[in-house]
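Visitor: Can you keep this structure in mind? I'll have questions shortly.
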Amino acid sequence: MYQIAQWMSMIYMAVLSIVDINSRKIPFWGLMTGFAAAFTYRMMQGREGAVLALAGAGVGFIFLGISKMTGEAFGYADSLLVVILGIYLGFWELCRLLAISFFISAVFSIIMLSVKKMHKKTSFPFIPFLALGYLLMLLPGGVA
């Protein structure tokens, strides 16, 4: 069942990525659907991992604070997705996902800056990097 949940999560994140790339705005219902699914999944797990899920959600709330302090330089939808992923994955797996995603986005930024397709102040959607990082975690022999 866990593998089905993982790939359903991947499809969910792929859809959010496409919406984020095309419109730069994630519909509220899309995030609430993910929240309901993550919460339901975590409830089916029982008490096991509840502390890790709460800690993971806490990381997402820190990201929400960062979104507020930076005037949405890191968007609220990105932060809400981190809350959702924190509930679903738990603290340690979320940290792993964030490390992978930030690394990929940094490489992307360096490449785009070096070929002059972006400037220092250019913004870009982050959800596709979360989705790519999650995919890399799911693949056999995925990123450790």
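Visitor: Go over the candidates 132, 113 one by one and state the one that is surrounded by fewer than 20 Cβ atoms within 10 Å (Cβ to Cβ), under 12 Å from the mean Cα position of the chain (by Cα) and assigned to a helix (DSSP H, G or I). Walk me through it before giving the result.
Guide: Numbers: 113 fails: under 12 Å from the mean Cα position of the chain (by Cα).
One residue alone meets the criteria, 132.
Visitor: For the range 116-129, what are the residues that are under 21 Å from residue 13 (Cα atoms) and surrounded by 14 or more Cβ atoms within 10 Å (Cβ to Cβ)? First the steps, then the outcome.
Guide: Let us first name the residues in the range 116-129 that are under 21 Å from residue 13 (Cα atoms), namely 123-129.
The answer is 124, 125, 126, 127, 128, 129.
Visitor: So, one more: Return the total of residues in the range 116-129 being within 13 Å of the chain's Cα centre (by Cα) and either among the acidic types (Asp, Glu) or in a loop (DSSP other than H, G, I, E, B) (or both). Can you show your working first?
Guide: Within the range 116-129, the subset within 13 Å of the chain's Cα centre (by Cα) is 125-129.
Subset that is either among the acidic types (Asp, Glu) or in a loop (DSSP other than H, G, I, E, B) (or both): 125-126.
So the answer is 2.
Visitor: Would you point out the residue of the range 92-110, among those that are among the small types (Gly, Ala, Ser), open to solvent by less than 30 Å² (accessible area, probe 1.4 Å) and within 17 Å of the chain's Cα centre (by Cα), that is nearest to residue 50 (Cα to Cα)? Give the derivation first.
Guide: Residues of the range 92-110 that are among the small types (Gly, Ala, Ser), as a first pass: 99, 101, 105-106, 109.
With the extra rule that they be open to solvent by less than 30 Å² (accessible area, probe 1.4 Å), the set shrinks to 101, 105, 109.
Checking the rest, the ones that are also within 17 Å of the chain's Cα centre (by Cα) come to 101, 105.
Details: 101: 24, 105: 30 Å.
For the range 92-110, the residue satisfying everything is 101.
Visitor: Still on this structure, I have one more. Take the range 70-81 and flag every residue that is surrounded by 17 or more Cβ atoms within 10 Å (Cβ to Cβ) and among the acidic types (Asp, Glu). Outline the logic, then answer.
Guide: Step one: list which residues in the range 70-81 are surrounded by 17 or more Cβ atoms within 10 Å (Cβ to Cβ), which gives 74-75, 77-81.
78 - this is the single residue of the range 70-81 that is surrounded by 17 or more Cβ atoms within 10 Å (Cβ to Cβ) and among the acidic types (Asp, Glu).
Visitor: Identify the residue in the range 1-45 that is among the β-branched types (Val, Ile, Thr) and part of a helix (DSSP H, G or I) and, among all such residues, is surrounded by the fewest Cβ atoms within 10 Å (Cβ to Cβ).
Guide: The first filter runs over the range 1-45 and keeps only residues among the β-branched types (Val, Ile, Thr), leaving 4, 11, 15, 18-19, 21, 26, 33, 40.
Still in the running and part of a helix (DSSP H, G or I): 4, 11, 15, 18-19, 21, 33, 40.
Working: 4: 8, 11: 10, 15: 16, 18: 14, 19: 17, 21: 12, 33: 15, 40: 10.
The extreme case among them is 4.
Visitor: One residue is enough: does the range 9-26 have a residue meeting the conditions within 18 Å of residue 130 (Cα to Cα), touching a Pro at 6+ places or on another chain (Cβ under 6 Å), in contact (Cβ under 8 Å) with a residue 60 or more places away in the chain and among the hydroxyl-bearing types (Ser, Thr, Tyr)?
Guide: Yes, that holds for at least one residue.
Visitor: What number of residues within the range 46-69 are open to solvent by 70 Å² or more (accessible area, probe 1.4 Å) and either among the polar types (S, T, N, Q) or in a helix (DSSP H, G or I) (or both)? Walk me through how you get there before you give the answer.
Guide: Restricting attention to the range 46-69, the residues satisfying the condition of being open to solvent by 70 Å² or more (accessible area, probe 1.4 Å) are 47-48, 51-52, 54, 61-62, 68-69.
The next check asks that each one be either among the polar types (S, T, N, Q) or in a helix (DSSP H, G or I) (or both); those that pass are 51-52, 54, 61-62, 68-69.
Matching residues across the range 46-69 total 7.
The values are calculated or read from the model by the stated rules, or taken from the named source; none is laboratory data. Values in this document were obtained by computation on a predicted structure and should not be read as measured data. As a convention, Cβ positions derive from the backbone with ideal geometry for all residues, glycine included, and neighbour counts pool all protein chains shown. Protein only, heavy atoms only, side chains kept; ligands, DNA and RNA dropped before computing areas. Shrake-Rupley method; radii C 1.70, N 1.55, O 1.52, S 1.80 Å.
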